[in-house]
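Worksheet for the structure shown next.
No value in this document is a laboratory result; all are computed from the given coordinates. This is a predicted model, so every value here is computed, not measured. Neighbour counts are summed over all protein chains in view; Cβ atoms, including those assigned to glycine, are modelled from backbone coordinates with ideal geometry.
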Amino acid sequence: MRTGAHYSGEGSVLANAGSAELVAALHSVTEATDGRGRSHYPERSIKALIKAVLARRYGPPLLELCYLLKAADLIDQRHGYADFFWCSAPSQQVDFQLRWAAAKHIPDVCVKAQEIVLTVGQNSFAISYARMPFLPILLDFLVTVLGFELVHGLVADWLAAPTQDQASASKVANKIARIFISLSSRPSDIAASKPQAKPFRGILKKPPWRRFSSI
């Protein structure tokens, strides 16, 4: 287990969230490795997640995550966004650039040199490749704490509706943030949800077409 820089703020996380379970989930996600023993997530993404947990500021990154999930869902309409996040190697910025460059003719998504731009209804939303390595670790953390079924249930309507706008995405992001902060402050509720709270990495070990019966 790593020590030092990653967890210098661990006491602050406990004081802020009031939950040892939250710290355990943070350990689980940030300590994850791939099949070669390398850190599953880049150091910068790990530090960004810890900073977000310390600040309890989830709304803005969750809005980005909602849009990335929707854009990723458009790449493979059979297997959904889960296929986009299925990767055994650490997710670096260049990995995301290559994934989007290889995706041709994605409806409502404009792939640019430094970002993708998703058009939803009357609105457009840009996500830079530099931000993308952070969003999978945020998703992993949410699923580890809340369980995949709950997280997917919260975003399912947003993903399915073709005419949703940014206001709708903001409502989804804010709802996830409220539920997450509420549950993460009540250890007994987190413990009760443990049967569903499988790490996203564990789910992704399954073949992409068998991972989620709901997709």
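Miscellaneous remarks
- For a straight C-alpha distance cut-off of 15 angstrom, the aspartates and glutamates reachable from K171 (same-chain residues fewer than eight places away being disregarded) are E64, D157.
- Above 13 Å, the calculated P(r) of the stretch 81-134 contains 62 percent of its Cα-Cα pairs.
- Order by protection proxy (mean Cβ within 10 Å, highest first), peptides 34-40, 169-175: 169-175, 34-40
- Averaged over residues, the count of other Cβ atoms within 10 Å places the peptides 100-106, 141-147 in the sequence 141-147, 100-106, highest first.
- Spin-label zone in the stretch 45-71 - amide nitrogen under 15 Å from a point set 7 Å from the Cα of E149 along the C-beta vector: none
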